[in-house]
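Step one of this worksheet: look at the structure below.
What follows is calculated from the coordinates using simple rules that are stated; it is not laboratory data. Every value quoted in this text rests on a predicted model; they were computed, and no experiment measured them. Note: ideal-geometry Cβ built from the backbone for every residue, glycine included; neighbour counts use all protein chains shown.
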Amino acid sequence: MTLLDRLIHPDERTALFIDGANIYSATRGLTFDIDYRKLLDAFKQHGRFIRAYYYTALVEDQEFSPIRPLVDWLDYNGYTLVTKPAKEFTDQAGRRRFKGDMDVELAVDMVEAAAFIDHAFLFSGDSDMVAAIEAVQRKGVRVSVISTIKSNPPVASDDIRRAADAFIDLTDLANLIGRPPRERNTEPRVDYADDDAT
């Protein structure tokens, strides 16, 4: 019996809500990356799977965006993509930075989905999501949070772990949804200023 077998009742309607930037930060501190095909397949085998949402901000004017191939793949392979343009600014050190917070979009979708799901799986460790979790729970939906406390520093805040009906550390799902990390040092990375976990 897997962890998902224990968490998901056979007749439960489930949906995934994935904060892309937050989960990217979480896996950077771990020894594996998420295989999104395996992730979707694993959840489709349990309960009555409804939908998987993936949230990310995109830098529109870059010739090459490191996240674009992932976003395109997700869009064609069963995920509902929710995106918006990232806003550029220059920090105090003169570095080009981007703001791309998707918390409001994710929270609104979770609350709206409460009408047709029984169990929400939130892939985020951001304490800003606590109010959305509590709103969904008041509508009778169970919320399981998937993030990590095993990275340094931990990505999942204490507040979100307390608010959740269940907390699952990403490392406990590594065998089910993980793949070896790619060469992270050579990949260009967008630095999103508003995507801290707490």
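Things worth noting here:
- Rounded to 0.05, the FRET efficiency of the ASP158 and TYR76 pair, given R0 = 41 Å and the Cβ-Cβ distance, is 0.65.
- Dividing the C-alpha radius of gyration of segment 11-179 by 2.2 N^0.38 Å, with N its residue count, gives 1.02.
- Residue-count net charge about THR148 - beta-carbon cut-off 12 Å; Lys, Arg +1, Asp, Glu -1: +1
- 5 angstrom amide H check on PHE49, placed H, neighbours 5+ away: THR14
- Between ASP41 and ASP5, the modelled label-to-label distance comes to 1.8 nm, taking each label 7 Å out from Cα in the direction of the beta carbon.
- Residue-count net charge about TYR76 - beta-carbon cut-off 14 Å; Lys, Arg +1, Asp, Glu -1: 0
- J(HN,Hα) series, segment 131-139, from Karplus relation 6.51 cos²θ - 1.76 cosθ + 1.60, nearest Hz, glycine and proline x: 4, 5, 4, 5, 5, 5, 4, 5, 8
- Using the Karplus relation 6.51 cos²θ - 1.76 cosθ + 1.60 with θ = phi - 60°, the per-residue 3J(HN,Hα) values for segment 105-110 come to 4, 5, 4, 4, 5, 4 Hz, with x marking Gly and Pro.
- Selection from LEU40, GLY178, GLY20, by position along the positive dipole direction of segment 11-179 (Cβ): GLY178
- Trypsin sites (Lys or Arg not before Pro) within segment 73-181, DSSP loop, no more than 10 other Cβ atoms inside 10 Å: ARG95
- Loop-located chymotrypsin sites (Phe, Trp or Tyr not before Pro) in segment 108-173 (DSSP state not H, G, I, E or B) with no more than 14 neighbouring Cβ atoms inside 10 Å: PHE116.
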